[in-house]
Amino acid sequence: MENVIELKDVNKVFKGFQLKDLNISVKKGFITGFIGGNGVGKSTTIKLILNLLQPDSGSISIFGLDYKKHEKEIKQRIGFVFDENIFYENITLNEMKKLVKPAYKKWDDELFNHYVEKFELPLNKKIKHLSKGMMMKASLTIALSHHAELIIMDEPTSGLDPIYRRELLDILHDLMQNGERTIFFSTHITTDLDRIADYIAFIHNGEHIFTKEYYKIEEEYAIVKGGTNLLDRDTEREFIAIRKSNHGFEALTANKKRIEDIFGEAIIMEKPTLEDIMLYTKKGREENVESRS
Ligand SMILES: Nc1ncnc2c1ncn2[C@@H]1O[C@H](COP(=O)(O)OP(=O)(O)OP(=O)(O)O)[C@@H](O)[C@H]1O
């Protein structure tokens, strides 16, 4: 399967923060949700993918091409969708179109008009007066009108009300019907991904934890519940992190089968949410750091 985005051993250092040896591949024709807590490096990774930042080391290829030699071609084929007003404030969407259109070889007026109508966008209202949801749709319209094969979005659903969010997710889902398009988007709202993501890429504190097919996560990961009498030094090592209480323990495993073999019927297993996976991973990593120091 073709990778549309490929990060190999990418490092980027800021004062007090580092993206460490990121190896992330994003498959063509699918929606990949990019998750992680606040400040773990999602926006930085997206900026690297868009060549708005350059890595200190490692390589980034988009459509199998390198920005150094093929920047123009890559940019023709990417659409970056944002909710902030990075368009010129005082112009209308119609004026915006006239500005953007000459930059794209594949610009399609018919498609532009189609989405303006579908999304009920006001063509002659100043962009600064568009709501957050409208802004998102305007930005998506621009990306779709130049036939972007790869659509990248940074937190597209944050700040949208539930109805707008649901509508945006449905739109994204519909865009995937021909198998040629790829969507990569970051989000805090992990429940959004239940509806549409094929793959989940997860980073924590600048490190890539995994990129997996959504259904595989459900196959491999589980929340395990049982009595604390089951825990000792060896069994505790089987878990990503453990929460203990007077009633017993609750823990996350990335290897359901092994846990079944070890504990048999003494435990209960439940399906974790992506939020559970994020929380337990954070806890596990913090405890590891503590036990090493
Ligand atoms: N240009 C910069 N110079 C210095 N530090 C930066 C710069 N850009 C980002 N950082 C730092 O890098 C870290 C990661 O930031 P980033 O915006 O990538 O996180 P994020 O995962 O997108 O977070 P959030 O979900 O809160 O938006 C933060 O500590 C941030 O302060």
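Count, please, the residues in the range 174-193 that happen to be touching a residue at least 60 places away in the same chain (Cβ under 8 Å) and either outside the structural domain of N38 (by the TED database) or exposed (fewer than 15 other Cβ atoms within 10 Å of the Cβ) (or both). Give the derivation first.
Here is the first cut: in the range 174-193, the residues touching a residue at least 60 places away in the same chain (Cβ under 8 Å) are 176, 179-188, 190-193.
Among the residues that remain, those that are also either outside the structural domain of N38 (by the TED database) or exposed (fewer than 15 other Cβ atoms within 10 Å of the Cβ) (or both) are: 179-180, 191.
Within the range 174-193, residues that are touching a residue at least 60 places away in the same chain (Cβ under 8 Å) and either outside the structural domain of N38 (by the TED database) or exposed (fewer than 15 other Cβ atoms within 10 Å of the Cβ) (or both) number 3.
Being within 16 Å of the ligand (Cβ to nearest atom) and closer than 28 Å to N11 by Cα narrows it down to one residue among I189, I240, I217; which is it?
I189
Inside the range 8-92, counting only strands (runs of 3 or more DSSP E) that do not spill past its ends, which hold 1 or more residues that are at positive phi?
Filter on the range 8-92 gives 17-27, 57-62.
Could you check, for the range 45-62, whether at least one of its residues is over 30 Å from K128 (Cα atoms), within 16 Å of the ligand (Cβ to nearest atom) and among the basic types (K, R)?
no
When the range 107-125 is examined, which residues are found to be out of contact with any Lys or Arg (no Cβ under 9 Å at 6 or more places or on another chain) and assigned to a loop (DSSP other than H, G, I, E, B)?
Across the range 107-125, the qualifying residues are D108, P122, N124, K125.
Please state which of the following conditions I196 fails to meet, knowing it meets all the rest: (1) farther than 23 Å from M269 by Cα; (2) modelled with pLDDT of 95 or more; (3) more than 16 Å from the ligand (Cβ to nearest atom).
Here I196 clears every test but (2).
Inside the range 9-33, can you point out the residues that are within 9 Å of the ligand (Cβ to nearest atom) and closer than 18 Å to S61 by Cα?
Matches in the range 9-33: K12, L19.
Do any strands (runs of 3 or more DSSP E) lying entirely in the range 239-293 carry at least 3 residues that are free of Cβ contacts under 8 Å to residues at least 40 places away in the same chain and surrounded by 15 or more Cβ atoms within 10 Å (Cβ to Cβ), and which ones are they?
It comes to 248-253.
Within the set of pairs 6+ apart or on separate chains, which have a first residue in the range 131-147 that is in a loop (DSSP other than H, G, I, E, B), a second that is of a type outside the set (G, A, S), and C-beta atoms under 6 Å apart?
H146/Y104; H146/K106; H146/W107; H147/K106
Can you find even one residue in the range 147-167 that is within 16 Å of the ligand (Cβ to nearest atom), surrounded by fewer than 22 Cβ atoms within 10 Å (Cβ to Cβ) and of a type in the set (S, T, Y)?
yes
Looking at (1) more than 23 Å from the chain's Cα centre (by Cα); (2) within 28 Å of I217 (Cα to Cα), find the lone condition where K28 falls short.
(1)
The values are calculated or read from the model by the stated rules, or taken from the named source; none is laboratory data. Please read these numbers as outputs of a predicted model, since none were measured by experiment. All Cβ positions, glycine included, derive from the backbone under ideal geometry; neighbour counts span all protein chains shown.
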